[in-house]
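Undergrad: Would you mind keeping the following structure in view while I ask a few things?
The values are calculated or read from the model by the stated rules, or taken from the named source; none is laboratory data. Source: prediction; values computed, not measured. For neighbour counting, all protein chains shown are included, and Cβ atoms are generated from backbone atoms with ideal geometry for every residue, glycine included. Quick note on the areas: whole protein, heavy atoms, side chains included, nothing else; ligands and nucleic acids left out. Shrake-Rupley method; radii C 1.70, N 1.55, O 1.52, S 1.80 Å.
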Amino acid sequence: MRIVRTVAEMRASRPQGGTVGLVPTMGALHAGHEALLQAARAECDCVVMSLFVNEAQFASGEDFARYPRDEERDARIAEAAGVDILFAPPADELYPPGFRTWVEPNEEGLEAEFRPGHFRGVATICLKLFNIVRPQRVYFGQKDAQQVHVVLRMLRDLNLDIDLRTLPTVRDADGLAFSSRNALLTPEERELALALPRALQTGDPALARELLDGLDVDYVAIADFEQRVLAGAIRIGSTRLIDNVPLEGETR
Ligand code: AMP
């Protein structure tokens, strides 16, 4: 596995022929990321994983500084998963002095409401990564269903010829969706967090709210993304968690 730090080196490392698959991540890899890497490995000749904690997608006052980071561990996991190129640039490589052009997805509701500017940061970094790596396929998790929705619309609106693959949410044995932010939870907080998947699995917003009674809930709502989901976001101490459950037979 080659570790690449600059845009120029990434461009030079990309093979000319074959299918290139890109898995964008912010690191602190877990089984959810590994599922994306496995799918990319199975379907592409060259697998690129980006590792970049994108400050632009953190709203002000959010957890950018305490976001878990362990590049050595991530590199070991990526290599074992068959990644060919790990693209891990420093921040000023992607946002050099003078940077001031942004992709504005005009998304509303749910994450867009509670994380102002989040999807502008997401769309901008995704378009940059797509232009730098030039993948034919990109891999995203259903865990972030609204992110998939926003990126798919960007591909359409901006005429990008890229195939986006969405992989199902990978959960731990207790039902909690894998998330890099789970590492920030104390054991007691993790117990409380289990209420989120349990609530969403009811498929019923009113019942879900009851099951989340006493917790700090940002939203619980049915959302029509690529499929209909029951989505929720809660805050446990200083950690914010999101999850969603597809509703059976209710695809749009
Ligand atoms: P992140 O590193 O959190 O930005 O996530 C990178 C990619 O992994 C995104 O496409 C996420 O949707 C996806 N992902 C995160 N958690 C999971 C999970 N539990 N199951 C499947 N995909 C996930």
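Undergrad: Dipole of the chain, Cα-centred, from +1 at each Lys and Arg C-beta and -1 at each Asp and Glu C-beta, to the nearest 20 debye?
TA: With Lys and Arg at +1 and Asp and Glu at -1, about 740 debye.
Undergrad: In addition: When the Cα centres of segment 1-49 and segment 165-207 are compared, how far apart do they sit, in Å?
TA: Their Cα centres are 27 Å away from one another.
Undergrad: Using a probe radius of 1.4 Å on heavy atoms only, what accessible surface per residue do you get for the chain? Whole Å² is fine.
TA: Here the per-residue accessible area is 47 Å².
Undergrad: For segment 12-111, with the dipole built from +1 on Lys and Arg beta-carbon atoms and -1 on Asp and Glu ones, taken about the Cα centre, which of 78, 26, 65 lies farthest toward the positive end?
TA: 78
Undergrad: Taking 0.36 nm per residue of separation and subtracting the Cα-Cα distance, what length does fully extending residue 43 through residue 113 add? Let's see the in-between values first.
TA: Numbers: separation 70, 0.36 × 70 = 25.20 nm, distance 3.54 nm.
Answer, rounded to one decimal: 21.7 nm.
Undergrad: Further question on the same structure: Hey, in the GNM for the chain with a 10 angstrom Cα cutoff, which one of 84, 224, 161 fluctuates hardest?
TA: Highest fluctuation of the listed residues: 161.
Undergrad: Probe radius 1.4 Å, ligands and nucleic acids ignored: give me the carbon and sulfur share of the accessible area of the chain as a rounded percent.
TA: In the chain, the share of accessible area belonging to carbon and sulfur is 48 percent.
Undergrad: Output the 0 to 90 degree angle, nearest 10, between the alpha-carbon long axis of helix 71-80 and the longest principal axis computed from the alpha carbons of the chain.
TA: The answer is roughly 80 degrees.
Undergrad: Once you order the gyration tensor axes a ≥ b ≥ c over the Cα atoms, which shape class does segment 2-167 get: rounded for a/c under 1.5, otherwise prolate or oblate by comparing a/b with b/c?
TA: Rounded, because the longest to shortest axis ratio a/c is under 1.5.
Undergrad: Also, I was wondering about something else. In segment 90-143, what chymotrypsin sites (Phe, Trp or Tyr not before Pro) fall in a loop by DSSP, with at most 14 other Cβ atoms inside 10 Å?
TA: 99, 102
Undergrad: Tell me which GluC sites (Glu not before Pro) from segment 66-143 have a DSSP coil assignment and no more than 15 other beta carbons within 10 Å of their own.
TA: Details: sites: 71, 72, 79, 93, 107, 108, 111, 113; in loops: 107, 108.
Answer by residue number: 108.
Undergrad: If each of residue 99 and residue 73 carries a label point 7 Å out from its Cα toward its Cβ, how far apart are those two points in nm?
TA: 2.6
Undergrad: Can you pull out the trypsin sites (Lys or Arg not before Pro) in segment 1-108 that DSSP calls coil and that have at most 12 other Cβ atoms within 10 Å?
TA: 66, 100
Undergrad: Between segment 72-111 and segment 209-245, how far is it from one alpha carbon centroid to the other, in angstrom?
TA: 25
Undergrad: Then there is this: Determine the calculated [θ] at 222 nm for the chain from helices alone, applying -39500 (n - 2.57) to every DSSP H run no shorter than 4 residues and normalising by the residue count; nearest 500 deg cm²/dmol.
TA: -10000 deg cm²/dmol
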